[in-house]
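Peer 1: Next up is a structure, given as structure tokens.
The values are calculated or read from the model by the stated rules, or taken from the named source; none is laboratory data. Just so it is clear, the model here is predicted, and its values are computed rather than measured. We place every Cβ from the backbone using ideal geometry, glycine too, and count neighbours over all the protein chains shown. We work out accessible area using only protein heavy atoms, side chains counted, and drop any ligands, DNA or RNA first. Shrake-Rupley method; radii C 1.70, N 1.55, O 1.52, S 1.80 Å.
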Amino acid sequence: VQLQASGGGLVQAGGSLRLSCAASGVIFSINAQGWYRQASGKQRELVAGISSGGSTNYADSVKGRFTISRDNAKNTVYLQMNSLKPEDTAVYYCNAMKCGMHYWGKGTQVTVSS
């Protein structure tokens with residue numbers, strides 16, 4: 001499974017960004033996909049996840065502001081981020097889990113200025 005993330009950038013507080021993660025390769029039987037982030041000096045944390053059945057979960061810090069979705073026809077998962085805050089600044093990584101293994105895309109930088 002190969003994952004290609006895109007959509008990061010610099011935005012002012014209160015703004016929005018949409019991240020995309022396109023999956024390729026042997027993608028059948030992917031159990032779940034999600035977005036993680038890692039801020040400077042901090043551990044990587046789960047931001048949002050979506051199961052193969054479409055169930056979603058979010059970190060408390062982003063509930064009501066971020067939405068994860070998936071386009072099965074395009075094998076792409078999206079993270080719509082609204083009302084961004086400076087504390088959302090981090091490198092965002094897309095993730096897929098298949099047969100107990102985690103696959104990671106290259107990170108994309110999101111910077112929110114105050």
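Peer 1: Evaluate the distance, in nm, between pseudo-label points positioned 7 Å from the Cα of A22 and of N82 along their respective Cα→Cβ axes.
Peer 2: 2.7
Peer 1: Now a separate question. Could you work out which residue, out of V77, V26, V11, moves most in a Gaussian network model of the chain, that is, has the largest mean-square fluctuation with Cα springs under 10 Å?
Peer 2: V26
Peer 1: Can you tell me the accessible area per residue over the stretch 2-114, all protein chains present, probe 1.4 angstrom, in square angstrom? Intermediate values should be presented prior to the final figure.
Peer 2: Values: 6050 Å² over 113 residues.
Averaged over the residues of the stretch 2-114, the accessible area is 54 Å².
Peer 1: Once you charge only the Cβ atoms, +1 for Lys and Arg and -1 for Asp and Glu, what is the size of the charge dipole of the chain about its Cα centre, to the nearest 20 debye?
Peer 2: Around 80 debye, computed over the chain.
Peer 1: Translational diffusion coefficient of the chain at 4 °C, 1.567 mPa s, Stokes-Einstein with Kirkwood Rh over Cα pairs, in µm²/s as a whole number.
Peer 2: Calculated translational D: 93 µm²/s.
Peer 1: Here is a further query. Tell me the relative contact order for the chain as a rounded percent, counting alpha carbon contacts under 8 Å between residues six or more apart.
Peer 2: 37
Peer 1: Based on the alpha-carbon set only, what is the convex hull volume of the stretch 1-62 divided per residue, in Å³?
Peer 2: On the way: hull volume 7.3 nm³, N = 62.
Once divided by residue count, the hull of the stretch 1-62 is 118 Å³.
Peer 1: Determine the share of the chain's accessible area contributed by carbon and sulfur atoms, expressed in whole percent, with a 1.4 angstrom probe.
Peer 2: 49
Peer 1: Spit out the partnerless Cys residues in the chain, using Cβ distances under 4.7 Å as the pairing rule.
Peer 2: Taking the Cβ cut-off of 4.7 Å, the unpaired cysteines of the chain are C99.
Peer 1: Also, I was wondering about something else. Given the convex hull of the Cα atoms of the stretch 27-85, what is a quarter of its surface area in nm²?
Peer 2: 4.8
Peer 1: A further question follows. Separation of the stretch 15-33 and the stretch 39-64 by C-alpha centroid, Å?
Peer 2: For the stretch 15-33 versus the stretch 39-64, the Cα centre distance is 14 Å.
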